[in-house]
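Comments concern the structure below.
The values are calculated or read from the model by the stated rules, or taken from the named source; none is laboratory data. Bear in mind that the values here come from a model prediction, so they are computed numbers and not experimental data. Quick reminder, even Gly has a Cβ in these numbers, built from the backbone with ideal geometry, and neighbours come from all protein chains shown.
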């Protein structure tokens, strides 16, 4: 009996020693700093990924960690069977406990998406697919599905008007539906009651403002000239004139690389060809910037109805109130193009 009692004491002492040893290491490694050596290290955890792959990723970022201890703490924190997908960025020094808390909470880091000008949905979907888990083909199909837009109370005819270019933060795990919801939220945030009232005062719907802004975007890169250009096209709309905007012809032809428009180009039969069809085209020809939208909402009111690129290729335009003045400006520009041997 005494022998059994002594054996139990030995086993208990051994257990306490091992437990104390493990406890010591848990405490030590929870607080021992692991460094990324000043680099931005990113851990991508895909959906359905297991802890084994997560562990390998962490050991690449923090090679000084011990694999057995990483596993032990993950088990203690009930993380091994509850891995959360995401993009996790580690900068500077981390204790193991801090690393595991970040992963267990699903505290992923957003990616910045600078929304530039897009002329079609495929390019936009491709850009989103490069920085998130979204499949670009799936997103494109979502964007082209009219039932998706009706779900959000939006008209699929004006697809590109619903995307307000800006810099946004998106989660890497964003879905196609999540992206559209986010863009709808930003769209609603931009179109305040004040901006809607300005559009109404111009006799335009907010969709028409975007369509006009997309033309302004293509016509000039000069910020100080945009309200003037917007005013010119607004004049033509109100007079029931053909807009005769070259960028709409390029859009109809599917070629924005053209530097010179010829008579044969103007014959393309498309509702976007504003040399053949009066009024604004049926939709935007790109995603206009906030600057372009503001240029339309705060357009200059003047009497100009013609514009032509300046012959000095400065990016600015000559404006005219009548066709005679415009023809003179156009002749100067055509002569400058020919002198530089620009034929397309």
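Just checking, how many residues over segment 260-312 are within 19 Å of residue 234 (Cβ to Cβ) and part of a helix (DSSP H, G or I)? Working first, answer last.
Our first condition is that a residue be within 19 Å of residue 234 (Cβ to Cβ); within segment 260-312, this holds for 272, 274-275, 277-286, 288-308.
Of the ones still in play, those that are also part of a helix (DSSP H, G or I) are 290-297.
The number of residues fulfilling the criteria is 8.
Tell me, yes or no, whether segment 271-284 has at least one residue that is within 27 Å of residue 197 (Cβ to Cβ), surrounded by fewer than 17 Cβ atoms within 10 Å (Cβ to Cβ) and within 32 Å of the chain's Cα centre (by Cα).
Yes, segment 271-284 contains at least one residue that is within 27 Å of residue 197 (Cβ to Cβ), surrounded by fewer than 17 Cβ atoms within 10 Å (Cβ to Cβ) and within 32 Å of the chain's Cα centre (by Cα).
Just checking: which of the strands (runs of 3 or more DSSP E) contained wholly in segment 47-148 hold 3 or more residues that are modelled with pLDDT of 95 or more and touching a strand residue (DSSP E or B) at 6+ places or on another chain (Cβ under 8 Å)? Explain how you work it out, then say what you get.
Numbers: elements: 86-90, 93-95, 111-114.
Passing ranges, in order: 86-90.
Please determine whether any residue of segment 156-170 is surrounded by 12 or more Cβ atoms within 10 Å (Cβ to Cβ), outside any strand (DSSP E or B) and free of Cβ contacts under 8 Å to residues at least 24 places away in the same chain.
First pass over segment 156-170, keeping only residues surrounded by 12 or more Cβ atoms within 10 Å (Cβ to Cβ): 156, 158-166, 168, 170.
Imposing the further condition that a residue be outside any strand (DSSP E or B) reduces the set to 156, 158-166.
Adding the requirement that they be free of Cβ contacts under 8 Å to residues at least 24 places away in the same chain leaves 156.
Yes, that holds for at least one residue.
Hey, among the residues in segment 98-116 that are in contact with a helix residue (DSSP H, G or I) (Cβ under 9 Å, 6 or more places away or on another chain) and surrounded by fewer than 18 Cβ atoms within 10 Å (Cβ to Cβ), which one's farthest from residue 79 (Cα to Cα)? I'd like the intermediate steps shown before the answer.
Of segment 98-116, the ones in contact with a helix residue (DSSP H, G or I) (Cβ under 9 Å, 6 or more places away or on another chain) are 98-100, 103-104, 107-108, 111-113, 115-116.
Cutting the leftovers down to surrounded by fewer than 18 Cβ atoms within 10 Å (Cβ to Cβ) gives us 98, 104, 107, 111-112, 116.
On the way: 98: 13, 104: 6, 107: 14, 111: 25, 112: 28, 116: 39 Å.
This residue is 116.
Given 323, 311, which one is touching a residue at least 24 places away in the same chain (Cβ under 8 Å), in contact with a strand residue (DSSP E or B) (Cβ under 9 Å, 6 or more places away or on another chain), more than 30 Å from residue 165 (Cα to Cα) and in the same structural domain as residue 272 (by TED's automatic domain parsing)? Show your work before the answer.
On the way: 323 fails: touching a residue at least 24 places away in the same chain (Cβ under 8 Å).
That would be 311, the only listed residue that is touching a residue at least 24 places away in the same chain (Cβ under 8 Å), in contact with a strand residue (DSSP E or B) (Cβ under 9 Å, 6 or more places away or on another chain), more than 30 Å from residue 165 (Cα to Cα) and in the same structural domain as residue 272 (by TED's automatic domain parsing).
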